[in-house]
Amino acid sequence: MLSIKTLPLRNLRGYAARSAAVALFAFLTAAVLFGGTLLTSSARNSLHTVQARLGADIMVTPESAKNDFDAQTALIKAEPASFYMDAAALEQIRAIDGVERASPQLFLASAKAGCCSARLQMIAFDPETDFTIRPWIEDTDTLGEMGLMDVVIGSNVSWTSASQGDVIRFYDSDCRVIGQFAATGSTLDSAVYMNFDTCKALIQACREKGLFKYGDFDGERSISSVMVRVKKGYAAEEVAKAIRARLDGVSVVTASDMLLGLSENLSRVSGAARTLMLVLCLLGFFMAVTVFALMINERQREFATLRAMGASKSMVARVVLTEAMAANLAGALAGAVTAGVVLYAFGAFIGEKLNVRFVLPDLSQAWLPLMLSLLAAGLSASLGTLIALKRIGRTDAACALKEGE
Amino acid sequence: MRKRLLSFLPAALGLVLALGSLTVFSACDSMPDGSWMRCHSAQRAVAVSAALLAAVLVLQALARNKAVRIALNGVALAGCVLIFLLPGTLMPMCMLKTHRCHTLLKPFAQVMAAAIAALCLWNLFALLKKKSAGKAGIR
């Protein structure tokens, strides 16, 4: 039965093309708003996570490694590499004023896996002095304490594809996977972490297979990098300068240098997303006003008939507003869901193409941007309708009915 | 007429899935030595399963018997579950999740399988709600 309550839905169904046009703008606005907000906030979160995970204020690597390892782009794009320097650098760094802690790391690049072209970066830490990797391990669910031949894999390493059971093979040596780190959205996610003893055993295995090219590597005296934490009250740049002055043949980068590439990409994408969101919101709003103004103008006689049948101005306004809200919210919900599906499913591919690393939040945390996009679509529909509705108030019902007779 | 065309939508999506998994959303390229990466088998399995699924869905759209349509929708639904699980769960893929097979093939197969499954469920729901059975046989 036709009633004032069912009228808006019947109108929407009756004028399907018009309803679809209104819903389409809401779809686009919500998709861009939800997608853009999710993308920029995820990229920002990723930057903060990497910053926290990096843990060190300064990283010292051998200068000879500059062809294999560029600290400024290492967090965005890096090929697995092996490079070594004398461990004497560690003591020299510890003696520098302003250095609170210094811990060595050992790097080894895996050979190409049999399954695919993937090579993994193995990063070993010294459990006694480490302050960068151990805190992550403590925050991760692991199968037990890390011992000899135990590894923790980054989030980009597929546990099921890379290992059989919990065993992953490097240079024909079995390592037990005891855990997997949460994603950071950086190249740290594509590495495998272990202690020094495991790495030395793997280097030996690599040597036995004839794949280790570093003849001057000394198991006891070689390290790949030194991670440095600066004392409170000291500037990382000043301490880095002091290390450069004291040590020859090393490359010294601060954490801010390492994060520069990530933050530059983030601001580039955030700027573009913000502009797009603003343009589409304004466009959506003006389209809503225009479409509803045209629609209300076209439906003057229909509204006049309703008025003649006893409907008050507010009842007519409610019908129009309900129609607008229903069409807009349906379109906006579809837009947000589509953007969500595309981002969650193809996020890694999109990030790669945009050169931005991001870690999307759990679905349970995505409700706030979702609500905000729906609210924006609802608001633009209500405002557009209210502006257009003013016209109804100004038109006399009798005149509208006589028009065209 | 519109309803008739809509009944072919799941089959069309199945065809898009089969073709997409071999072209735009294909798995990783071959290795420099010419051998295929492990994910290639998963890609082939997805393509073949999707082609079979599309065939089942075409039959489903052509069938007039309610029981046959329900059965074919059930088979298609099971096929969707299979395709959803093929890349990564039932068949291994590459070691790194940054590879094409993880970033393109797997999400594409899963999104499309979920969409087709949703349409099959809708069809099943509509068929089970229908009071009268159609004529037997396939047109």
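The values are calculated or read from the model by the stated rules, or taken from the named source; none is laboratory data. Bear in mind that the values here come from a model prediction, so they are computed numbers and not experimental data. As a convention, Cβ positions derive from the backbone with ideal geometry for all residues, glycine included, and neighbour counts pool all protein chains shown.
Here's the yes/no breakdown for (1) aliphatic (A, V, I, L, M); (2) more than 20 Å from A:A345 (Cα to Cα); (3) surrounded by 18 or more Cβ atoms within 10 Å (Cβ to Cβ); (4) touching a strand residue (DSSP E or B) at 6+ places or on another chain (Cβ under 7 Å):
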site: B:S35; (1), (2), (3), (4): no, yes, no, no
site: B:N73; (1), (2), (3), (4): no, yes, yes, no
site: B:K106; (1), (2), (3), (4): no, no, yes, yes
site: B:M112; (1), (2), (3), (4): yes, no, yes, no
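Conditions tested, residue by residue: (1) under 12 Å from the mean Cα position of the chain (by Cα); (2) among the β-branched types (V, I, T); (3) over 22 Å from B:A61 (Cα atoms); (4) facing chain A (nearest Cβ under 10 Å).
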site	(1), (2), (3), (4)
B:R2	no, no, no, no
B:L6	no, no, no, no
B:A11	yes, no, no, no
B:S26	no, no, yes, no
B:M31	no, no, yes, yes
B:S35	no, no, yes, yes
B:H40	no, no, yes, yes
B:R44	no, no, yes, no
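So which of A:A381, A:A377, A:A327 ends up being crowded, with 20+ Cβ neighbours inside 10 Å, modelled with pLDDT of 80 or more and aliphatic (A, V, I, L, M)?
Only one candidate passes the filter, namely A:A327.
Among all positions in region A:333-347, there is no residue which is within 22 Å of A:P8 (Cβ to Cβ), at pLDDT below 80 and surrounded by 15 or more Cβ atoms within 10 Å (Cβ to Cβ).
Whether any residue in region A:341-353 is in a helix (DSSP H, G or I), more than 12 Å from chain B (Cβ to nearest Cβ) and either touching a residue at least 24 places away in the same chain (Cβ under 8 Å) or within 30 Å of A:T187 (Cα to Cα) (or both) is what I want to check. No - not one qualifying residue is present in region A:341-353. Yes or no: A:S186 within 14 Å of another protein chain (Cβ to nearest Cβ), touching a residue at least 24 places away in the same chain (Cβ under 8 Å) and surrounded by 14 or more Cβ atoms within 10 Å (Cβ to Cβ)? Answer is yes for this residue. Filtering region B:74-85 to residues that are more than 13 Å from chain A (Cβ to nearest Cβ) and within 12 Å of the chain's Cα centre (by Cα) leaves B:V75, B:A76, B:L77, B:A78, B:G79, B:C80, B:V81, B:L82, B:I83. Does at least one position in region A:359-367 carry a residue that is closer than 18 Å to A:F34 by Cα, assigned to a loop (DSSP other than H, G, I, E, B) and within 14 Å of chain B (Cβ to nearest Cβ)? Yes, region A:359-367 has at least one match.
A residue that is in contact with a Pro (Cβ under 8 Å, 6 or more places away or on another chain), under 30 Å from A:K209 (Cβ atoms) and not acidic (D, E) cannot be found anywhere in region A:40-48.
Matching residues to (1) in contact with a Leu (Cβ under 8 Å, 6 or more places away or on another chain); (2) under 30 Å from A:L282 (Cα atoms); (3) among the acidic types (D, E):
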site	(1), (2), (3)
A:T6	no, no, no
A:F27	no, yes, no
A:F34	yes, yes, no
A:A88	no, no, no
A:G98	no, no, no
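Of all the residues in region A:113-128, those that are away from chain B (no Cβ under 14 Å), of a type outside the set (F, W, Y) and surrounded by 15 or more Cβ atoms within 10 Å (Cβ to Cβ) number 4. Exactly one residue among A:R318, A:R301 is in a helix (DSSP H, G or I), more than 18 Å from the chain's Cα centre (by Cα) and modelled with pLDDT under 80, and that residue is A:R301.
Yes/no matrix, rows are residues, columns are (1) under 30 Å from A:I153 (Cα atoms); (2) modelled with pLDDT under 95; (3) hydroxyl-bearing (S, T, Y):
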position	(1), (2), (3)
B:L52	no, no, no
B:I83	yes, no, no
B:M93	yes, yes, no
B:L105	yes, no, no
B:A109	yes, no, no
